[in-house]
Amino acid sequence: MSDIATAREVDRSQMTVSDEVAIQISNMNKWYGTFHVLRDIDLTVHRGERIVIAGPSGSGKSTLIRCINRLEEHQAGTITVDGTELGSDIKNIDKIRSEVGMVFQHFNLFPHLTILENCTLAPIWVRKTPKKEAEATAMHFLEKVKIPEQAHKYPGQLSGGQQQRVAIARSLCMKPRIMLFDEPTSALDPEMIKEVLDTMVSLAEEGMTMLCVTHEMGFARQVANRVIFMDAGQIVEQNEPEAFFNNPQHERTKLFLSQIL
Ligand code: ADP
Ligand code: MG
């Protein structure tokens with residue numbers, strides 16, 4: 001388990017949390033068939049929060065964040081994103097998906113499209129953005145993730161860390177208000193983890209609301225304002241990083257931390 005500190009000092013003073021609620025999850029439950037995967041989840045995320053979700057494999061972390069943009073469906077309780085409730089109404093689902101970006105462990109880039117085309121595809125076809133404008137936006141975000149020079153290459157020609165930064169840039173091209181990350185560095189070689197974490201740090205410093213499933217506890221300590229610990233489909237404990245790491249309350253949290261730190 002790597003615990004690589006992010007490269008540069010993080011200026012937490014810039015990372016303000018607003019009173020505005022970005023995501024409200026109330027008494028949410030989900031089953032896969034008869035398997036009760038998420039139990040009574042209550043979670044309020046304010047605009048500007050950086051939340052790290054930790055917990056053992058199989059505890060429901062991915063399922064939880066996938067429910068937030070309806071990649072998975074919950075069966076009970078409510079999930080409200082930017083005031084819009086996620087239900088079966090396809091209009092609401094589309095609206096929420098347009099505000100929520102997601103980055104996965106495997107970058108899921110289209111191999112037959114260039115980096116630039118990967119970044120402009122959804123803006124052009126989903127948002128109906130004119131091609132020139134979509135390309136300018138894409139170049140802006142590729143510069144932000146520090147790989148504008150790769151724009152005309154194909155994903156297979158890039159390293160894993162570069163591909164993951166493209167995946168982040170591609171998400172940003174849709175101008176999301178919330179970013180979800182599901183173990184974005186877990187498939188990367190150690191030397192590439194830092195460059196992806198740096199990109200995430202920059203996003204945090206710009207005020208992006210972020211939910212990150214990650215085992216990078218260095219990142220959690222530096223960037224998160226809250227760490228949530230899940231086990232067996234429940235939120236067992238949550239706290240600010242300092243208290244979470246130094247003074248865990250539950251036996252399950254203590255066991256988990258003793259295994260990874
Ligand atoms: P985590 O991300 O914390 O490892 P997941 O959310 O991926 O956990 O999975 C939680 C539990 O749900 C695991 O026991 C997993 O096997 C199960 N699970 C995940 N996806 C499905 C699915 N599509 N169908 C049935 N069970 C699933
Ligand atoms: Mg997972």
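Things worth noting here:
- Residues whose amide H falls under 5 Å from that of residue 230, counting only those 5 or more places apart or on a different chain, are 54, 55, 236, with hydrogens built in the peptide plane.
- Computed over the chain, the ratio Rg/Rh where both radii use C-alpha atoms and Rh is Kirkwood: 0.96
- Take the Cα radius of gyration of the range 51-155 and divide it by 2.2 N^0.38 Å, N being the number of residues; the result is 1.28.
- Whole-Hz couplings from phi, Karplus 6.51/-1.76/1.60, listed for the range 148-165; x for Gly and Pro: x, 5, 8, 3, 9, 8, 9, x, x, 8, 10, 6, x, x, 5, 4, 5, 5
- In the range 66-112, the GluC sites (Glu not before Pro) that fall in loop regions by DSSP, at most 16 other Cβ within 10 Å: 72, 73
- For the chain, the solvent-accessible area works out to 45 Å² per residue, with a probe of 1.4 Å and every protein chain left in place.
- Derived scalar couplings between HN and Hα for the range 196-207 equal 6, 4, 4, 4, 5, 4, 4, 4, 4, 5, 8, x Hz in order, rounded to whole Hz, by the Karplus curve 6.51 cos²θ - 1.76 cosθ + 1.60 (θ = phi - 60°), x for Gly and Pro.
- Around the amide H of residue 84, modelled in the peptide plane, lies no amide H under 5 Å away from a residue 5 or more places distant or on another chain.
- For residue 37, distant residues with modelled amide H under 5 Å away: 30, 31, 32
- Solution diffusion estimate, µm²/s, Stokes-Einstein, the range 72-129, Kirkwood Rh from C-alpha pairs, 10 °C, viscosity 1.306 mPa s: 116 µm²/s
- Given 30/128; 146/175; 128/153; 95/132; 132/153; 153/175, the pairs whose alpha carbons are separated by over 30 Å: 30/128
- The accessible surface of the chain, taken with every protein chain in place and a 1.4 Å probe, is 50 percent carbon and sulfur.
- Cα radius of gyration and Dmax for the range 107-261 (Å): 17.6, 55
- Phi angles across the range 89-95 convert, under the Karplus curve 6.51 cos²θ - 1.76 cosθ + 1.60 with θ = phi - 60°, into 3J(HN,Hα) values of 5, 5, 4, 5, 4, 4, 4 Hz, Gly and Pro given as x.
- Ellipticity estimate at 222 nm from DSSP helix runs (n ≥ 4, -39,500 (n - 2.57)) divided over the chain, nearest 500: -11000 deg cm²/dmol
The values are calculated or read from the model by the stated rules, or taken from the named source; none is laboratory data. If you're wondering where the values come from, they're calculated on a predicted model, not measured in any experiment. Every residue, glycine among them, receives a Cβ derived from its backbone with ideal geometry; neighbour counts consider all protein chains shown. Only protein heavy atoms, including side chains, enter the accessible area calculation; ligands, DNA and RNA are left aside. Shrake-Rupley method; radii C 1.70, N 1.55, O 1.52, S 1.80 Å.
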